[in-house]
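Student: Right, I'll just put the structure down here and ask away after.
Where a number appears in this text, it was derived from the coordinates with a stated rule and is not lab data. These figures come from a predicted structure and were not determined experimentally. As a convention, Cβ positions derive from the backbone with ideal geometry for all residues, glycine included, and neighbour counts pool all protein chains shown.
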Ligand code: KE4
């Protein structure tokens, strides 16, 4: 595969952008080599600047559940642009997207738009602390909630990939009130609540984890967590930046029939443009400025062009309901990958929720961060590059989820399975 243009452009980028990337998750740090530079996307495909076509299972790390450049989404953006890009004043389309989110996500009575998932979780934590007048935040190892100081503790995603799950530059004071526990460990959580329940403002977690690779909650974990929060007066925050509108139209909470106190969103609600959101109980959200004293603001929050992109994405999801087909095709892909790994004699574990999945190079079930970090990341790197050589673009880390889109036809799934059979049979 010719990657000369990418190489040249990447060297040029490295001269002016740290690591040549605007997010370390794209740096290929977990697989070695240099990232491909992308020219364009179309449906299930990416085209790099050397003209290579790749079947895309990253989907911009989750937003593109409809695939790249869905006609309805592009038309909505073009239409919005005829009126301008940003006004710094309220616009009706912000209300339309807020209404759509509130109608879809069971726990959301009121919602505030921001510009990223990080802003959403940072704001949700502040609201929980302000509402409860408590300081302690509980998170789980391997969950990633963006790069907000107080949550960069044993964080997943690229923080784990690159070996900085607790980053330098975060003062002790920022994390002294952050408690980090093992995901799926309800006994440990109960003990923590017994010891410090009165201090805990909130518990934040990915209800289905994407950022240590895909890890599902064990039966009873989420319900037990919710009961403990209610018993001790702490708020439960579901970080659904990745799972929102992904694992079902109502997110993980819709799938599991739960109602957390606050929810954070991102990715799909922006349709590929910079949008995050936090929302939940009206009595909690009414404490947010200007209605209440808890301050949060943003120049481009609710940007009308980004709102148009997100609204068209949700409207198209509602109209076409791709979820049943996504379940079928993603399960078929996971079965194919698992069979290929088994035939190659490679210890593996496959986890899936909706159209998110991970093939772990680890022979035992992966239910928490400790187990995830035991994966054979060297074998993952060989798998990753073997798939790229065969025209399949996977997330560049064992500690990420793959995403299938509604644009992936059965043909792309068949090609991917055949490529995996070829690669897994030869990487050792
Ligand atoms: P952003 O600030 O990157 O928009 O969202 C942060 C975030 C919050 N919560 C969850 C559950 C998330 O998955 C994320 C971001 N996800 C990563 C991919 N695992 C984004 C990729 C990147 O950092 O470039």
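Student: Could you grab the relative contact order for the range 71-319? Cα pairs under 8 Å, six or more apart, rounded to a whole percent.
Tutor: In percent, rounded to a whole number, it is 31.
Student: Could you tell me the relative contact order of the chain? Use alpha-carbon pairs under 8 Å, at least six residues apart, and round to a whole percent. Don't jump to the answer; show the numbers that get you there.
Tutor: On the way: 881 pairs, mean separation 97.1, N = 428.
The value is 23 percent.
Student: Continuing with the same structure: Estimate the FRET efficiency between residue 339 and residue 370 by the formula 1/(1 + (r/R0)^6), using the beta-carbon distance for r and 25 Å for R0, to the nearest 0.05.
Tutor: The computed FRET efficiency comes out at 0.35.
Student: Give, to the nearest whole percent, the P(r) tail of the range 276-393 beyond 24 angstrom, counting all Cα pairs.
Tutor: Of the Cα pairs, 55 percent sit more than 24 Å apart.
Student: If you count, for each residue, the other Cβ atoms within 10 Å and average over each peptide, how do 86-92, 67-73 line up from highest to lowest?
Tutor: 67-73, 86-92
Student: log10 I(q)/I(0), Debye, Cα-only the chain, no solvent, q = 0.07 Å⁻¹?
Tutor: -0.32
Student: If you don't mind, another one. Share of Cα-Cα pairs in the range 242-321 beyond 14 Å, in percent? Please report the intermediate quantities before stating the final value.
Tutor: Numbers: 2139 of 3160 pairs.
Tail fraction, whole percent: 68.
Student: Give me the percent of DSSP beta bridges within the range 181-293 that run antiparallel, rounded to the nearest 5.
Tutor: 35
Student: Here's something else I'd like to know. Among 85, 118, what is the fewest-to-most ranking by other Cβ atoms within 10 Å?
Tutor: By the 10 Å Cβ count, ascending, the order reads 85, 118.
Student: In whole Å, what three semi-axes, largest first, describe the equivalent ellipsoid of the range 7-140 built from its Cα gyration tensor (square root of 5 times each eigenvalue)?
Tutor: Here the semi-axes work out to 33, 24, 16 Å.
Student: Of all beta bridges DSSP finds with both residues in the chain, what is the antiparallel percent, to the nearest 5?
Tutor: Of the beta bridges lying entirely in the chain, close to 55 percent run antiparallel.
Student: At a 10 Å Cβ-Cβ cut-off, how would you order 387, 307, fewest neighbours first?
Tutor: Least crowded to most crowded, the residues run 387, 307.
Student: Once R0 is set to 56 Å, what does the formula 1/(1 + (r/R0)^6) return for the Cβ-Cβ distance between residue 195 and residue 325, expressed as a FRET efficiency to the nearest 0.05?
Tutor: Efficiency, from the Cβ-Cβ distance: 0.75.
Student: Go through 264-271, 145-152 and give me the packing order, highest mean Cβ count within 10 Å leading.
Tutor: 264-271, 145-152
Student: Evaluated at 37 °C with a viscosity of 0.692 mPa s, what Stokes-Einstein diffusion coefficient in µm²/s does the range 71-319 have when Rh comes from the Kirkwood expression over alpha-carbon pairs?
Tutor: The calculation lands on 180 µm²/s.
Student: Sorted by mean Cβ packing within 10 Å, highest first, what order do the peptides 189-200, 156-167 take? Numbers along the way, then the final one.
Tutor: Working: 189-200: 16.0, 156-167: 20.0.
Listed from highest to lowest mean packing, they are 156-167, 189-200.
Student: Quick one: compute the contact order of the range 239-379, relative version, from alpha carbon pairs under 8 angstrom and 6+ residues apart, as a percent.
Tutor: Details: 175 pairs, mean separation 24.3, N = 141.
Once divided by the residue count of the range 239-379, the mean separation gives 17 percent.
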